[in-house]
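The values are calculated or read from the model by the stated rules, or taken from the named source; none is laboratory data. In this text the structure is predicted, and so the values were computed from the model without any measurement. Neighbour counts run over all protein chains shown; Cβ positions are idealised from the backbone, glycine included. Areas reflect the complete protein model, heavy atoms only, side chains present, ligands, DNA and RNA absent. Shrake-Rupley method; radii C 1.70, N 1.55, O 1.52, S 1.80 Å.
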Amino acid sequence: MSGFEETSAVITGASSGIGRAIAVALAEAGARRLGIHFRSNQTGIDETARLVESAGVTPTILQCDLGVPAERRQLVDDAFDQLGAIQTLSLIH
C-alpha cells in the first residue's frame with residue numbers, strides 16, 4: 001500500500017516537469033481523484049491528463065493564474081466542488 005489509495009489530490013503546475021511527475025505518480029499510487037492545474041500551457045496539461053488517464057484516473061483540469069487572488073479563490077472553490085475532500089495538495093509554481 002502506498003498510502004494514497006482512494007484519496008483526492010490537487011497538483012498545481014501539473015502541465016510539465018515536477019508537477020506532471022507528481023500527478024502521474026499519485027495516479028499510479030492509487031489516488032482516486034486528481035485535480036491537475038495549469039496556467040496557460042494547454043498542450044502540456046492535455047498530455048498530463050493523458051498520462052494520468054493511462055494510470056486509470058480521470059483528472060479534473062483546473063485552470064487559473066495563481067498570481068491573481070480572485071483566480072486562486074476560484075481554483076479552491078472549483079477543486080472542492082469537483083473533488084470533494086482533498087487529502088493531498090502539491091504546490092508547484
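Worth pointing out:
- Listed peptides 75-86, 13-24 by packing density, highest first (mean Cβ within 10 Å): 13-24, 75-86
- Fraction of accessible area attributable to carbon and sulfur, the chain (%, probe 1.4 Å): 52
- Karplus (6.51, -1.76, 1.60) ³J(HN,Hα), θ = phi - 60°, over the range 71-83, in Hz, Gly and Pro reported as x: 5, 4, 4, 5, 4, 4, 4, 4, 4, 5, 4, 8, 10
- For the chain, convex hull of alpha carbons as volume per residue, Å³: 76
- Calculated mean residue ellipticity at 222 nm for the chain: -13500 deg cm²/dmol, from DSSP H runs with n ≥ 4 weighted as -39500 (n - 2.57), summed, divided by the residue count and rounded to 500.
- Karplus-derived 3J(HN,Hα), 6.51/-1.76/1.60, for each residue of the range 42-53, Hz, glycine and proline x: 4, 4, x, 5, 5, 5, 4, 4, 4, 5, 5, 4
- Probe 1.4 Å, protein heavy atoms only - accessible area per residue of the chain in square angstrom: 55
- Across the range 9-21, coupling constants 3J(HN,Hα) worked out from phi with the 6.51/-1.76/1.60 Karplus curve, θ = phi - 60°, read 9, 10, 10, 7, x, 8, 7, 6, x, 4, x, 4, 4 Hz, and Gly and Pro carry x.
- Here's how it looks for LEU62: its modeled amide H is under 5 Å from those of ILE36, HIS37, PHE38, which are all 5 or more places away or on a different chain.
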